[in-house]
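In what follows, a structure is listed as structure tokens, so that the remarks can point back to it.
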Amino acid sequence: MTTASAAAIEQWQDVVPYLLDVDGGRHNLATGMPLELPSMSAAVRAAFRAAVDDPGFSSRVARYHGVLGDEVLRERLAALYGERFALPVSSANVLVTPGAQAAFHAVSALMARRGRKVLFFGPEYPGYRTHQDVRYEMVHSDVVAEGEHEFRYVPPRGTLDSDVGAVVVSRPSNPAGNVISDEALGELLRECAAVDALLVVDNAYAPVIPSLAFRELGMPWAPNVVLVQSFSKGALAGERLGFVLAPEPVIEMFAELQAQVATFPPQLVQLVASILLRDDHYVGLCERDLRERYRQRHQLVGEVLHERMEVPFLLHASDGGQFRWLHLPELRTSTSELFHELKDRGVLVAPSAPFYLPHLHREPHARTSVRIGVTASDAEIEQGLGIFAEVVNAGR
Ligand SMILES: Cc1ncc(COP(=O)(O)O)c(C=O)c1O
């Protein structure tokens, strides 16, 4: 397909085929492929060996098990998160899932059943929109300047009506790298409670696992809170392991949905996770080595852009996660259209439109921003952003 005839990349499914193309000879800054640290891979490998050698191995893999997940793992997770964030939780507040994604679908399935809509603040991760019978709505985040070259998205207040059954936010966010402040999240939680809506917080990048936030953050807790967690960025993306922390009535509803779809979560990886959490080693790797590596990559992206860009640009404040978000206020075309030209020059970045619902696609931030993944190598980031800057500097 030639560049001229290629359709603009406006939908998430247009981006997805490029996300796995990490060995294809292009500088892939569109991908969200997690960073692999040898020390973490070694810890996971050792835990798998120990799990296979465990006397309970055969009954683990050969038998049927309870829908909520392994009791030992659930106790460890409740203790870890309970202590860290002073949450009043026990194993009864933990549902193990085959990845966080399964929990997001459960949110939508619940909303479909209740006939309530799901609200996001754009830009937001498109993976939450899983159900054809659910009405998804989005309002644009407020844009707050932070210095000359940075800004921050803040959830606007007073946007919930009584049809809203759930609000979903990623924190740190995909795509912007934003950590909504504890105060703003508390306010949102109260607004959700006032219309009997769930506040679903996607902690896939948050502490404790995998700890990709660069400043301290609190965890909310209330009868309408759902905390969705993932081991994916902690060197386990391929094994599909996540969990939900929530008040018991919410756990029961989610468990009922899980029983219908997956019966119960996979067993061996749960044993692996319990082994990884027996001492502080794995959590320490997340909190020190992994977080530091992500912080360096965030910084590198900022430095290269400051060095190479000759046209006005704004970066979202760097609070954590796998991505940096760049807004180009004077770009004449859209980043959806620019995608193919960049691809033909050997660099992939995710255009902004797929992170918005279509009615917002004309908004400046939805038209002329890009998500830049930080998990490519330093060399790929430097070369890829160098090409990106050349193209944009040439007056697109
Ligand atoms: C913000 C965010 N949440 C959740 C997920 C999915 O997590 P999991 O692999 O546990 O399904 C992703 C995947 O990259 C993500 O970017």
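The values are calculated or read from the model by the stated rules, or taken from the named source; none is laboratory data. Predicted model, so just to flag it, every value in this text is computed and none were measured. For neighbour counting, all protein chains shown are included, and Cβ atoms are generated from backbone atoms with ideal geometry for every residue, glycine included.
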>> Quick check on segment 120-128. Is at least one of its residues within 16 Å of the ligand (Cβ to nearest atom), buried (at least 17 other Cβ atoms within 10 Å of the Cβ) and under 19 Å from Arg190 (Cα atoms)?
In response: yes
> What is the one condition in (1) crowded, with 22+ Cβ neighbours inside 10 Å; (2) of a type in the set (A, V, I, L, M); (3) farther than 24 Å from His359 by Cβ that Ala145 does not satisfy?
Replying inline: (1)
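From the list Leu241, Leu257, Leu212, which residue is in the same structural domain as Val144 (by TED's automatic domain parsing), in contact (Cβ under 8 Å) with a residue 40 or more places away in the chain and within 16 Å of Arg76 (Cα to Cα)? Full working, then the answer.
Working: Leu257 fails: within 16 Å of Arg76 (Cα to Cα); Leu212 fails: within 16 Å of Arg76 (Cα to Cα).
Going through Leu241, Leu257, Leu212 in turn, the sole match is Leu241.
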>> Quick check on this structure: which one of Val250, Val228 is more than 16 Å from the ligand (Cβ to nearest atom), surrounded by 19 or more Cβ atoms within 10 Å (Cβ to Cβ) and of a type outside the set (Asp, Glu)?
In response: Val250
>> If the requirement is being among the charged types (D, E, K, R), part of a helix (DSSP H, G or I) and over 17 Å from Tyr18 (Cβ atoms), which of these qualifies: Glu382, Glu330, Glu337?
In response: Glu382
> What is the residue count in segment 1-31 for residues that are touching a Gly at 6+ places or on another chain (Cβ under 8 Å) and modelled with pLDDT of 80 or more?
Replying inline: 8
>> Can you name every one of the helices (runs of 4 or more DSSP H) wholly within segment 33-89 that holds 1 or more residues which are polar (S, T, N, Q) and surrounded by fewer than 17 Cβ atoms within 10 Å (Cβ to Cβ)?
In response: 38-53, 57-62
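Yes/no per residue for (1) within 18 Å of Glu10 (Cβ to Cβ); (2) in contact with a strand residue (DSSP E or B) (Cβ under 6 Å, 6 or more places away or on another chain); (3) among the β-branched types (Val, Ile, Thr):
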position	(1), (2), (3)
Leu342	yes, no, no
Val349	yes, yes, yes
Pro354	yes, no, no
Pro358	yes, no, no
His361	yes, no, no
Val374	no, no, yes
Asp378	no, no, no
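Confirm whether Leu110 is among the aliphatic types (A, V, I, L, M) and more than 16 Å from the ligand (Cβ to nearest atom). Working first, answer last.
Values: among the aliphatic types (A, V, I, L, M): yes; more than 16 Å from the ligand (Cβ to nearest atom): yes.
Yes; evaluated as a whole, the condition is true for this residue.
Does Gly395 meet the test of being of a type outside the set (Phe, Trp, Tyr) and over 20 Å from Val16 (Cβ atoms)? Write out each step before concluding.
Values: of a type outside the set (Phe, Trp, Tyr): yes; over 20 Å from Val16 (Cβ atoms): yes.
Yes: the conditions hold for Gly395.
With respect to Ala79, determine if the residue is at negative phi, touching a residue at least 40 places away in the same chain (Cβ under 8 Å) and not acidic (Asp, Glu).
Numbers: at negative phi: yes; touching a residue at least 40 places away in the same chain (Cβ under 8 Å): no; not acidic (Asp, Glu): yes.
Spelling it out, it is not the case that Ala79 is at negative phi, touching a residue at least 40 places away in the same chain (Cβ under 8 Å) and not acidic (Asp, Glu).
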> Taking segment 15-32 on its own, how many of its residues are surrounded by 17 or more Cβ atoms within 10 Å (Cβ to Cβ) and not hydrophobic (A, V, I, L, M, F, W, C)?
Replying inline: 6
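In segment 234-247, which residue that is of a type outside the set (Asp, Glu) and surrounded by fewer than 23 Cβ atoms within 10 Å (Cβ to Cβ) is farthest from the ligand (Cβ to nearest atom)?
Step one: of segment 234-247, the residues of a type outside the set (Asp, Glu) are 234-238, 240-247.
Pick out the ones that are also surrounded by fewer than 23 Cβ atoms within 10 Å (Cβ to Cβ) and you get 237-238, 240, 247.
On the way: Ala237: 5, Gly238: 9, Arg240: 7, Pro247: 21 Å.
Across segment 234-247, the extreme among qualifying residues is Pro247.
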>> Suppose we filter segment 291-319 for residues that are small (Gly, Ala, Ser) and touching a Gly at 6+ places or on another chain (Cβ under 6 Å); how many remain?
In response: 1
>> Take the conditions closer than 19 Å to Ser59 by Cβ, in contact with a helix residue (DSSP H, G or I) (Cβ under 9 Å, 6 or more places away or on another chain) and not basic (Lys, Arg) and apply them to Pro265. Does it pass?
In response: yes
